[in-house]
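Encoded as structure tokens, the structure appears first; notes follow it.
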Amino acid sequence: GAAVEPTQGDGPSRACTCALAAALVEMVRAVSLRQQPVDPRAIEERRARAKALRHVVLALADTDAAAYQTVLAVQRQRGEAGHALRLREALHAATDPLLALVEAAGEVTRLAADATGQARGGVRGEAKTAAVLGAAVVEAGAPLIELNLAGAPQDPRVLLVRDIADAARSDRVRALNV
């Protein structure tokens, strides 16, 4: 059944989706190396980075969920003095793991778009799927970061996440148009 207490489902879902995209990039590498590529070293470097990102994002799922639990705990203390400041601080702190996940997803999207350009045959579909999944994680996370930082429009993380979102959209389009 559904949880009685609020819990975060979107953070772990984003992390698992990004990890799946990274795993697809790794898989594309395995097939691409068997096809005698022009630059096998670049393909191997892409695989190693995708593997590292996969591990990072899976760890971020727990960090992100814990940060969200802190926000929920502060929200339950609405009547206490200083609530607004504590909530803003909790939201700002919760932004960090989410931003790390969005940054990783942006990088996975770029890796997938690069892989799409070099992949041949049926494996190109996996690379395109990885790019779409990575970009979806960015698109889902970016507005939440802006929402968390609504009281601080000058926070550099706002501009950073917008840049990441723009790059991910561009990489997704690049992957799909190969």
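For Leu85, all conditions in the list (1) outside any loop (DSSP other than H, G, I, E, B); (2) farther than 22 Å from Pro12 by Cα; (3) open to solvent by less than 70 Å² (accessible area, probe 1.4 Å); (4) among the aliphatic types (A, V, I, L, M) hold save one; what is the number of the exception?
That leaves (3) as the condition not met.
Residues that are part of a helix (DSSP H, G or I), at negative phi, surrounded by fewer than 16 Cβ atoms within 10 Å (Cβ to Cβ) and not small (Gly, Ala, Ser): does the range 145-158 have at least one?
To start, the set of residues in the range 145-158 that are part of a helix (DSSP H, G or I) comprises 145-148, 156-158.
Those left that are additionally at negative phi: 145-148, 156-158.
The next check asks that each one be surrounded by fewer than 16 Cβ atoms within 10 Å (Cβ to Cβ); those that pass are 147, 156.
Adding the requirement that they be not small (Gly, Ala, Ser) leaves 147, 156.
Within the range 145-158 (the criterion being part of a helix (DSSP H, G or I), at negative phi, surrounded by fewer than 16 Cβ atoms within 10 Å (Cβ to Cβ) and not small (Gly, Ala, Ser)), the answer is yes, since at least one residue qualifies.
Among all residue pairs at least 6 apart or on different chains, which show Cβ distances below 9 Å where the first residue, located in the range 42-53, is hydroxyl-bearing (Ser, Thr, Tyr) and the second is at pLDDT below 85?
Correct list of pairs: empty, since none qualify.
Out of the residues in the range 8-55 meeting the condition of being closer than 19 Å to Ala93 by Cβ and in a helix (DSSP H, G or I), tell me which one is most open to solvent (accessible area, probe 1.4 Å).
First, the residues of the range 8-55 that are closer than 19 Å to Ala93 by Cβ: 8, 10-12, 14-15.
Restricting the remaining residues to those that are in a helix (DSSP H, G or I) gives 10-12, 14-15.
Values: Asp10: 67, Gly11: 1, Pro12: 38, Arg14: 18, Ala15: 0 Å².
Per the criteria, the residue is Asp10.
Open to solvent by 40 Å² or more (accessible area, probe 1.4 Å) and either within 17 Å of Arg174 (Cβ to Cβ) or β-branched (Val, Ile, Thr) (or both): which single residue out of Thr116, Thr129, Thr95, Thr109 fits that description? Give the derivation first.
Values: Thr116 fails: open to solvent by 40 Å² or more (accessible area, probe 1.4 Å); Thr95 fails: open to solvent by 40 Å² or more (accessible area, probe 1.4 Å); Thr109 fails: open to solvent by 40 Å² or more (accessible area, probe 1.4 Å).
Sole residue among the options that is open to solvent by 40 Å² or more (accessible area, probe 1.4 Å) and either within 17 Å of Arg174 (Cβ to Cβ) or β-branched (Val, Ile, Thr) (or both): Thr129.
Does the range 29-45 include one or more residues that are farther than 26 Å from Leu101 by Cβ and in contact with a Leu (Cβ under 9 Å, 6 or more places away or on another chain)?
Step one: filter the range 29-45 for residues farther than 26 Å from Leu101 by Cβ, giving 31-41.
Add one more test, that the residue is in contact with a Leu (Cβ under 9 Å, 6 or more places away or on another chain), and what stays is 40.
Yes: the range 29-45 contains one or more residues that are farther than 26 Å from Leu101 by Cβ and in contact with a Leu (Cβ under 9 Å, 6 or more places away or on another chain).
So which pairs qualify, if the first residue must be in the range 140-155 and free of Cβ contacts under 8 Å to residues at least 60 places away in the same chain and within 14 Å of Arg88 (Cα to Cα), the second must be among the small types (Gly, Ala, Ser) and surrounded by 14 or more Cβ atoms within 10 Å (Cβ to Cβ), the Cβ gap must be under 7 Å, and the two must be at least 6 apart or on different chains?
Sorted first by the residue in the range 140-155, then by its partner, the pairs are Asn148/Ala94.
The values are calculated or read from the model by the stated rules, or taken from the named source; none is laboratory data. Every value quoted in this text rests on a predicted model; they were computed, and no experiment measured them. We place every Cβ from the backbone using ideal geometry, glycine too, and count neighbours over all the protein chains shown. Accessible surface is based on the protein model in full, side chains and every heavy atom, while ligands, DNA and RNA are left aside. Shrake-Rupley method; radii C 1.70, N 1.55, O 1.52, S 1.80 Å.
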